[in-house]
Structures are given as C-alpha cells and as structure tokens.
1. Condition first: β-branched (Val, Ile, Thr) and within 28 Å of residue 131 (Cα to Cα). Now tell me which residues in segment 153-209 satisfy that.
2. Which condition breaks for residue 93 when tested against (1) open to solvent by less than 30 Å² (accessible area, probe 1.4 Å); (2) in a helix (DSSP H, G or I)?
3. Look at segment 219-243 and say how many of its residues are at pLDDT below 80, open to solvent by less than 20 Å² (accessible area, probe 1.4 Å) and under 20 Å from residue 80 (Cα atoms).
4. Looking for something open to solvent by 40 Å² or more (accessible area, probe 1.4 Å), of a type in the set (A, V, I, L, M) and either at pLDDT below 90 or more than 27 Å from the chain's Cα centre (by Cα) (or both) - is there at least one such residue anywhere in segment 115-136?
5. Among the residues of segment 146-199 satisfying the criterion of being under 30 Å from residue 136 (Cβ atoms) and among the hydroxyl-bearing types (Ser, Thr, Tyr), which is surrounded by the fewest Cβ atoms within 10 Å (Cβ to Cβ)?
6. For residues that are open to solvent by 40 Å² or more (accessible area, probe 1.4 Å) and of a type in the set (A, V, I, L, M), scanning just segment 35-72, find the one that is farthest from residue 205 (Cα to Cα).
7. Within segment 200-218, how many residues are open to solvent by less than 60 Å² (accessible area, probe 1.4 Å) and either among the hydrophobic types (A, V, I, L, M, F, W, C) or at pLDDT below 95 (or both)?
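The values are calculated or read from the model by the stated rules, or taken from the named source; none is laboratory data. What you are looking at is a predicted structure, and each value in this text was computed from that prediction instead of being measured. Heads up, the Cβs are rebuilt from the backbone with ideal geometry, glycines too, and the neighbour counts pull from every protein chain shown. These area figures cover heavy atoms from the full protein model, side chains too; ligands, DNA and RNA do not enter into them. Shrake-Rupley method; radii C 1.70, N 1.55, O 1.52, S 1.80 Å.
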Amino acid sequence: MAKLNQIIAVEKGVKSKSQQDLAAVQQGLAKPALLAGISRTYQPKDEEGEQLPPESTRVQVKTEDVLRDTARTLTRLFDVTATKDWANCDARADVTVEGRTLLRDVPVTYLLFLEKQLAGLGTFLRRLPVLDAAESWAPDPSTDCWKTEPVRTLRTKKVPRNHVKAEPTEKHPAQVEVYYEDVPVGYWTTVKFSGALPARRVNELLERMEKLQEAVKFAREEANSGEVTDQRAGEAVFGYLFG
C-alpha cells in the first residue's frame, strides 16, 4: 500500500503529463478542416462526355473520439489527486446529482480540485464544434460521422460559337465573331461529411456540466474540513459527464 508522501511525490508529474496529453488530443478541434469530409462523384451528360474521377476527403478528427481521449487523459490525474485528498483531510461530503450519488465521502480539498477542473472543462465544452445549422445532417454508420443528403449540381463547359456579322462578298470575306456558350456536359453529386456534434448533444453536455458543478459546490459547502487507499474517481466523473 502506498504512502501519502509517495502519492504527493508523483502528483506533479501526473498533472504535467495530463496537461500535455490533453493539449495533444484537443489540438485537432482547432483545425476545422480535419473535422470535415466530402464525397463527390461525376456523371457526364452523355456517353461521349468527359469522364472525371470522384473526389473525396475523409474526416480525420471526430469530436466524440476527442471526448473519449479527454476522459482517458484526465482519469489518471483525477485518481491520483483523489487518493491524496482522501488521505489528507477528514472533511467529507457526497456529490449527488438528481438523486444519484456519483462520489461518496469526498474530502473538501478534492471538491475544490473538482470545481477548478470542471470550470476548465466547461470552457472546453462551450467550444465544441457544432454541425452547420444550414445543412440537414444524418448519422452515417459507415464512416461514424454525420452526412448530408446528396446534392446534384450541373457542370457546364464553354463551347465556341460563330456569329456572322457580315456575309462574304466578291471583295471581302465574311466577318465572323467568335463567342462562347455554356453547354451542360454532366452532373456533380456532392455529399458533405462532418465530425462535429449536433447542437442538441452539446447542450446536453453543458446541462450535465452545470448540474455537476452545482452538486460539487453544494458538497463543498456541506463538508467539514498514513497510508492511503487508491481512489477511482475519474471513471465515475467522466462516465457521467461524457456518457
């Protein structure tokens, strides 16, 4: 069984590593291009029309994956800090949300830690990418992303035409003016993909966050302020928060 001073000794390193890992997994959300995907196929108007290859871009970052990575990264930090705080003080209280007790007998020092962490997570949740409301999105099981309905657009090609301004005579050739006309030659079929989240999902996460923050504050107010018992708080917190 570990000693309290051993837990304190490793806490700083765990905190530093979790911050680095968290920055890495969330970095992709700052690049909208990594969240976007598209698939376009081309069909010429007739058999003699120009053939064009399909175009596609895969979604490289999925917000739900980032949420899972964030939970995994922070769970170790939450657990180490919980182990230290459980052994460091006697003031305890339960964290209860809507009648459900998430954490029991929580020391006041850990409640203070939770408040600070949840404030930062609240900022993170408010910045989650949301699906473009101008599009109609549906889940796509084959890519585990969201996609739009196919949209068909016309492809045209400029074709030269001759306009006779003056007919030829014995002394002068015909005066001809060349102009270009847009002629339909085929169709693009476009499907957009996205790794962002529906606004409904983000609002649900924010609502859970607010309820959890209120529960932690209430528990802190209710709380009074050797060897340690390993605590597993991170799984309970993120199982609820991102579940």
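1. 153, 189, 190, 191, 202
2. In the conditions (1) open to solvent by less than 30 Å² (accessible area, probe 1.4 Å); (2) in a helix (DSSP H, G or I), residue 93 misses (2) alone.
3. Number satisfying all stated conditions: 1.
4. No, because not a single residue in segment 115-136 is open to solvent by 40 Å² or more (accessible area, probe 1.4 Å), of a type in the set (A, V, I, L, M) and either at pLDDT below 90 or more than 27 Å from the chain's Cα centre (by Cα) (or both).
5. Quick first cut of segment 146-199, residues under 30 Å from residue 136 (Cβ atoms) only: 146-156, 182, 184-199.
Those still in the list that are among the hydroxyl-bearing types (Ser, Thr, Tyr) too: 148, 153, 156, 187, 189-190, 194.
Working: 148: 18, 153: 10, 156: 12, 187: 14, 189: 14, 190: 15, 194: 24.
Here the answer is 153.
6. That would be 52.
7. 7
Here's the yes/no breakdown for (1) at pLDDT 90 or above; (2) outside any loop (DSSP other than H, G, I, E, B); (3) over 22 Å from residue 209 (Cα atoms):
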{"residue": "37", "(1), (2), (3)": "yes, yes, yes"}
{"residue": "43", "(1), (2), (3)": "yes, yes, yes"}
{"residue": "48", "(1), (2), (3)": "no, no, yes"}
{"residue": "69", "(1), (2), (3)": "no, yes, no"}
{"residue": "73", "(1), (2), (3)": "no, yes, no"}
{"residue": "86", "(1), (2), (3)": "no, yes, yes"}
